[in-house]
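Chemist: Mind having a look at this structure? Questions to follow.
Just so it is clear, none of the values below were taken in a lab; they were calculated from the coordinates. Only a predicted model underlies this, so the values are computations on that prediction, with no experimental measurement involved. Quick reminder, even Gly has a Cβ in these numbers, built from the backbone with ideal geometry, and neighbours come from all protein chains shown.
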Amino acid sequence: MKNDKQNFLAVDELLQLILEEIDIGIHVVDQDANTMVYNRKMMEIEMMNEEDVLHKNLLDVFTFQKNQSSTLLDALQKGKVRKNIKQSYFNNKGKEVTTINDTYPIMKENKIIGAIEMVRDVTELKQSVQEGILKNRNTRYTFEQLIGTSESFKNIIEDAKRSAKTSSSVLIVGETGTGKELFAQSIHNASKRATKPFISQNCAALPESLIESILFGTKKGAFTGAIDKPGLFEEANGGTLLLDEINSLSPNLQAKLLRVIQERKVRRIGDINEKELDVRIIATINEDPIEAIANNHLRKDLYYRLSVVSLFLPPLRERFEDILLLANFFIQKYNRLFGHRVTNLDENVTNFFLNHNWPGNIRELEHMIEGAMNLVENETTISATHIPSRFFNENRNTSTTPVVQRQRDVTLQVESKDEKSNLKNTLLNKEKHHIMNVLNEHNGNITQAAKQLGISRQNLQYRIRKFNLLND
Ligand SMILES: Nc1ncnc2c1ncn2[C@@H]1O[C@H](COP(=O)(O)OP(=O)(O)OP(=O)(O)O)[C@@H](O)[C@H]1O
Ligand SMILES: [Mg+2]
């Protein structure tokens, strides 16, 4: 590197450009643990804003438990180098991410003057490997394996069991990790379709251009390279097709889907003939369906067709009484797998579990226990030292809003954050009062009120819980 000024500046700009463009997350702190570099990829991985992290102290942004530290702090304080460390965690928005990290101290004249973390995001790689396995895997879950004693959860299981007796479509609503896939599998396995295929497809995972041919199949010659290939509807014939994240399909595709469901016939792309089908559809959605309709993420006609039975799975933070029960269930599971004899959580961890926001819900809880069990040696109690420090970072998990992907939220985009939340709150208030009025008109009769509101009973019950109307 030459040292004349002009050249030096150019290198500086070049480095800036590389930091922006590189597909590796880079986080650098100075000797006081203040963040100096937090590049675009890092923001993307952790879903944090630059202004929340840059020039701030690591300890102000991320909360660490006693006896806990971050890999960056370890590098800074103890000069520890760590390479190829795999971490799976739930980021600021509740999305599960898997990364491979390298962390180094930055040395000058034998003194540590900072630390750098380089993070490779392997989330998609991991998902595609898992999805590949899933396709060949048989459905494993049955209702007996679903853990939960809270009243609301038991009611949902009852509704789901009843739905297993029919072939009506089911819409499962819930945040990520609340058990939508498990419910769908359990319904299939309890139905008379159990010996027939169960096919699951995440609609958000595929590009729009491919989804149609994957769902409906193709006929040779339909377009360049097209071969005779059945779609997932045909493959699932006689069984169940689980369409995950239905709200990520374009309205156009949703209309096509509705036609297939209504007519019970599918036509491969490029084919003139239709084929009769007997497929049970279970769809999932990770946002409130009424809001999804309002935001143009879900067609109203498709919603009515799909929600013959709707199951609203509560987020874990609302299943207070089930948190420790589930934790214990996962402890037993990993005791068996790892040959440990863990029996309980200490008070710190118990309190943390009961107060954590669980943006990744039950999946997050299971991963946390699995991670802790990896660190257990001869202990019989899980304590704070077994829980990765970033999980204790409640700064990043204070939001109670469900994790929602609003891919086509064009109508609201022009409004400022405040206007948006005002509009949302106003609408929610209106909705709440309207529901209260209709319920009062019908003396609290849910069936009649739901009928007048044009929504299902379950949907109304969900809203009653959401707005806490019983306690108002
Ligand atoms: N009631 C339950 N009892 C036991 N384990 C559960 C239960 N619900 C969920 N789990 C666990 O949580 C994990 C996530 O569940 P599942 O895959 O069904 O979530 P999901 O709602 O489909 O999430 P996503 O929206 O991210 O696809 C499961 O692998 C399972 O280990
Ligand atoms: Mg799922």
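Chemist: Please report the net charge: other residues with Cβ closer than 13 Å to the Cβ of Arg193, K and R +1, D and E -1.
Modeler: Summing Lys/Arg as +1 and Asp/Glu as -1 gives +3.
Chemist: Amide H to amide H under 5 Å from Thr176: which residues, 5+ apart in sequence or cross-chain, H placed 1.01 Å off N in plane?
Modeler: So Thr176 has HN proximity to Val403.
Chemist: Would you work out the charge dipole size for the stretch 322-397 about its Cα centre, treating the Cβ of every Lys and Arg as +1 and the Cβ of every Asp and Glu as -1, and quote it to the nearest 20 debye? Walk me through the numbers on the way to the answer.
Modeler: Numbers: 6 positive and 9 negative charges, 41 e Å.
The calculation lands at about 200 debye.
Chemist: Hey, another quick one. Compute the relative contact order of the stretch 138-312 as a whole-number percentage, counting only Cα pairs closer than 8 Å that sit 6 or more residues apart in sequence. It would help to have the intermediate numbers written out before the result.
Modeler: Details: 316 pairs, mean separation 52.5, N = 175.
Worked out over the stretch 138-312, it gives 30 percent.
Chemist: Also, I was wondering about something else. Give me the percent relative contact order of the stretch 21-121, please, defined on Cα pairs under 8 angstrom at least 6 residues apart. Walk me through the numbers before you get to the answer.
Modeler: Values: 202 pairs, mean separation 31.3, N = 101.
This gives 31 percent for the stretch 21-121.
Chemist: Then there is this: Out of Ala184, Leu253, Ala164, whose Cα points farthest toward the positive end of the dipole of the stretch 138-312 (charges: +1 Lys, Arg; -1 Asp, Glu; placed on Cβ)?
Modeler: Ranked along the dipole, the leading option is Ala164.
Chemist: Quick one: Karplus J couplings for the stretch 23-39, per residue in order, coefficients 6.51, -1.76, 1.60, θ = phi - 60°, nearest Hz, x for Gly and Pro?
Modeler: 8, 10, x, 10, 10, 10, 10, 8, 5, 8, 6, 8, 6, 9, 10, 8, 7
Chemist: Further question: Rg to Rh for the stretch 138-312: what is it, with Cα atoms only and Rh by Kirkwood?
Modeler: 0.97
Chemist: Taking the alpha-carbon centroid of each part, what is the distance from the stretch 175-204 to the stretch 430-472 in angstrom?
Modeler: 29 Å
Chemist: What nm distance separates the two modelled labels at Glu21 and Asn445, each placed 7 Å from Cα along Cα→Cβ?
Modeler: The two pseudo-label positions are separated by 6.9 nm.
Chemist: Another question, if that's okay. Which of Arg140, Arg259, Arg268 has the fewest other C-beta atoms within 10 Å, and how do the rest follow up to the most? Walk me through the intermediate numbers first.
Modeler: Working: Arg140 10, Arg259 13, Arg268 23.
Least crowded to most crowded, the residues run Arg140, Arg259, Arg268.
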